[in-house]
Amino acid sequence: MADPSSYRPKPGQIPDSPGVYKFRDDHRRVIYVGKAKSLRPRLSSYFQDLANLHPRTRTMVTTAASVEWTVVSTEVEALQLEYSWIKEYDPRFNVKYRDDKSYPYLAVTLNEEFPRVQVMRGAKKKGVRYFGPYGHAWAIRETVDLMLRVFPVRTCSAGVFKNAERTGRPCLLGYIGKCSAPCVGRVTPDEHRELAEEFCDFMAGRTGAYIRRLERRMTDAAEEMEYERAGRLRDDIGALRRAMEKSAVVLADATDADLIAVAEDELEAAVQIFHVRGGRVRGQRGWVTDKVEEVDTAGLVEDALQQLYGEESGDSVPKEVLVPALPEDQVATDALTQWLSERRGSQVSLRVPQRGDKKDLMATVGRNAQQSLVLHKTKRASDLTTRSRALEEIAQALGLDSVPLRIECFDISHLQGDDVVASMVVFEDGLARKSEYRRFQIKGFEGQDDVRSMHEVIGRRFKRYLAEKERTGEWTEENEGSATPGENGENGENGQNADDAADDTTGQIPAAPGENGHAGPFDPSSLKEDDGRPKRFAYPPQLVVVDGGRPQVAAAKRAMDELGIDDVAVCGLAKRLEEVWLPDDDDPVVLPRSSEGLYLLQRVRDEAHRFAITYQRAKRAKRIRTSPLDDVPGLGETRKQALIKHFGSVKKLRQATIEQICEVPGLGRKTAESVAVALAGTAPAAPAVNTATGEIMEDDGGSTHD
């Protein structure tokens with residue numbers, strides 16, 4: 001635990017101007033980002049007597065090892081920079097979403113020739129009109145099913161559309177009148193786009209005029225004694241009204257607004273948002289946050305606005321945002337309003353409702369937030385208790401000085417000695433941290449040797465850790481086990497190589513203007529740093545778990561001893577009897593079957609096994625899909641397929657002469673010679689054998705590999 005006085009800035013060093021500050025731990029990881037209209041009083045408040053600090057603030061300042069700040073010109077710039085840093089560094093102590101669901105939207109792809117109505121999640125795309133978010137995808141599909149009777153817009157995927165276009169037959173919806181079937185030319189592209197735009201207008205709240213128009217057409221049809229058409233129009237009106245009833249009118253003035261409410265206690269807060277469009281509640285969402293310091297309701301609202309609209313623009317930011325509280329400082333309120341207006345591209349009203357329907361609806365949103373907080377606490381009590389007990393049981397069983405807050409588990413995977421790979425999974429506070437998973441290719445030797453593989457992988461992992469310490473100055477060259485960056489073969493779950501963690505031999509990126517208290521022009525793109533983000537292999541675990549028994553544990557311990565790593569505990573979990581092995585013990589530690597600690601170790605081990613075997617299978621599948629033709633220069637996929645189609649298999653292609661290869665359309669003699677040379681240089685595969693009959697199977701199929 002660090003003493004905040006050890007890194008407290010000197011008197012007069014902190015500027016009295018707007019800015020953003022970062023607290024870092026002893027591994028240079030950013031653990032908290034904040035902003036202030038005046039940096040001096042805000043930062044000074046963190047260095048008072050620890051007994052006077054909020055419990056979570058006290059934990060943060062004692063975890064930190066340094067503080068930095070960047071001066072900006074205005075509070076709006078501070079707001080923008082704070083948001084960008086929170087998104088970039090993912091600080092441990094900042095407000096975080098617990099609800100990580102991707103909410104569904106009703107989307108109309110107006111950027112396509114034939115717009116499609118569908119359910120969409122995730123990032124928003126340019127040229128697509130969105131409505132929502134909705135709480136459930138089935139709610140969108142119910143609404144769309146009712147409206148397709150009146151607005152028969154395409155809902156099929158690109159594959160279904162192309163297939164119908166090719167065969168000249170529409171899908172079922174086209175036959176029952178719920179699609180205008182543009183795929184077979186029943187309507188022109190312009191007519192179909194007009195239908196899609198009418199659908200969007202109706203969803204946007206312009207419903208009254210359209211229904212009145214349908215009622216007039218129904219009356220005219222009845223007067224002209226076209227009773228079938230009048231009946232269809234009557235049914236259309238009924239369908240639209242049923243769709244409208246699913247979104248009850250709550251505000252009579254066709255308001256477009258988001259209402260945000262907060263329920264809170266000392267440590268946590270629940271946020272709820274109602275999205276009102278055209279006077280109707282179109283969607284609802286919510287999340288629970290940790291309160292890292294004693295922040296008031298206005299501060300929570302500000303955090304919610306940042307998270308809600310930080311990546312939105314245009315109509316996604318409503319004209320009106322109603323909140324339960326605003327900052328007491330009018331300058332801060334004006335900065336928030338200006339920021340929202342810039343996101344929307346036009347003026348946004350940010351205020352607290354005082355009377356009438358909007359105040360009543362805000363009370364409803366508040367009740368939802370309170371219920372959400374109560375429900376979350378009911379679930380979290382059990383969850384936190386269980387995880388804490390599991391970590392304590394592990395620490396007690398293994399004789400650790402403290403609970404292992406970061407656990408790393410390693411597993412080896414191969415298929416009869418081929419494609420040997422390893423995985424590293426990370427659990428922090430008993431929860432998986434998938435962004436720090438890593439995978440390895442075994443490079444030191446060929447063949448199957450799990451013990452030797454484990455020694456290599458553990459060595460490579462901790463060499464990278466020592467390299468990071470050396471780079472940041474925590475480890476000197478004289479220390480035993482120092483290593484240089486450049487270890488290859490370690491990949492994260494996204495498949496990137498570990499070497500792209502730094503862009504030069506030192507891994508340093510020049511400091512940005514305005515860093516460390518020196519004022520400079522505000523440019524968010526210039527403030528990116530190499531350190532501070534979660535780094536590959538940069539942080540040591542308290543416990544290393546290996547999948548295996550005593551030999552694997554001994555190999556892992558030996559690798560760490562060779563590097564001088566003596567402050568990380570090691571254990572192994574053997575699958576057969578679920579025994580826990582320690583490096584220097586002749587007998588295993590046997591945890592009770594009902595132990596929460598054993599259950600957590602099993603989860604960690606099983607996750608490492610899953611991640612390893614997934615990688616191994618992917619490598620094997622990639623190897624199987626390779627072909628001798630892949631190495632022929634200038635031979636693309638189309639001509640490879642043409643060769644296989646012409647000869648039937650690589651085996652028969654290998655037996656063909658250059659003249660016969662030249663007979664394939666699109667292949668010249670030079671390419672044919674290259675193909676013949678490439679195939680001549682590869683040994684034919686062993687013949688396949690039917691294991692049931694012993695029969696040798698001839699390779700005369702259309703295989704693309706040899």
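The values are calculated or read from the model by the stated rules, or taken from the named source; none is laboratory data. What you are looking at is a predicted structure, and each value in this text was computed from that prediction instead of being measured. Here the Cβ is made from the backbone with ideal geometry for all residues, glycine too, and neighbour counts use every protein chain on show. Calculation scope for accessible area: heavy atoms of the full protein, side chains included, ligands and nucleic acids excluded. Shrake-Rupley method; radii C 1.70, N 1.55, O 1.52, S 1.80 Å.
Structural remarks
- Phi-derived couplings, Karplus 6.51 cos²θ - 1.76 cosθ + 1.60 at θ = phi - 60°, listed residue by residue for segment 554-565: 4, 5, 5, 5, 4, 4, 6, 5, 5, 9, x, 8 Hz, with x used for Gly and Pro.
- Whole-Hz ³J(HN,Hα) from phi, Karplus 6.51 cos²θ - 1.76 cosθ + 1.60, for segment 277-284, glycine and proline x: 10, x, x, 10, 6, 8, x, 9
- Amide H contacts of Glu268 (H built 1.01 Å from N, under 5 Å, at least 5 apart or other chain): Lys291
- Rounded FRET efficiency, nearest 0.05, which uses the C-beta distance separating Thr188 from Ile658 and R0 of 60 Å: 0.70
- The packing ranking, built from the mean of other Cβ atoms within 10 Å per residue, places the peptides 305-312, 457-464 in the order 457-464, 305-312, highest first.
- Most tightly packed first, judged by the mean number of other beta-carbon atoms within 10 Å of their residues, the peptides 114-124, 80-90 read 80-90, 114-124.
- Taken over segment 321-455, the percentage of Cα pairs per 10 Å bin, counting from 0 up to the bin with the maximum distance, is 9, 18, 18, 17, 17, 13, 7, 1.
- Projecting label points 7 angstrom from Cα along Cα→Cβ for Asp3 and Asp584 puts them 3.2 nm apart.
- Multiplying the residue separation of Gln13 and Ala618 by 0.36 nm and removing their Cα-Cα distance gives an extension gain of 212.4 nm.
- Length added when fully stretched, Asp418-Ser44, from 0.36 nm per residue minus Cα-Cα: 128.7 nm
- Cβ crowding within 10 Å averaged over residues, with 218-231, 58-71, 348-361 ranked highest first: 58-71, 348-361, 218-231
- Counting only protein heavy atoms and a 1.4 Å probe, segment 548-594 has 53 square angstrom of accessible area per residue.
- Amide H to amide H distances under 5 Å link Gln284 with Gly135, His275, where only residues 5 or more positions off or on other chains count and H is placed in the peptide plane.
- ³J(HN,Hα), Karplus 6.51/-1.76/1.60, whole Hz, each residue of segment 353-364, x for Gly, Pro: x, 10, 7, x, 4, 5, 5, 5, 5, 4, 5, 5
- Solvent-accessible area per residue, Å², over segment 4-95 with all protein chains present [probe radius 1.4 Å]: 40 Å²
- Note on Asp567 and Lys359: with the Förster distance fixed at 51 Å, the Cβ-Cβ geometry gives a FRET efficiency of about 0.30.
- The modelled label-to-label distance for the pair Arg216/Thr385, using points 7 Å beyond Cα in the direction of Cβ, is 6.7 nm.
- Extension gain from Glu165 to Glu312, taking 0.36 nm per residue of separation minus the Cα-Cα distance: 49.3 nm
- Apportionment of accessible area to carbon and sulfur, segment 312-456, percent (1.4 Å): 45 percent
- Cα-derived Rg over Rh, computed across segment 555-610 with Rh taken as Kirkwood radius: 1.00
- Exposure ranking of Lys640, Lys645, Lys557 by accessible area [1.4 Å probe, largest first]: Lys645, Lys557, Lys640
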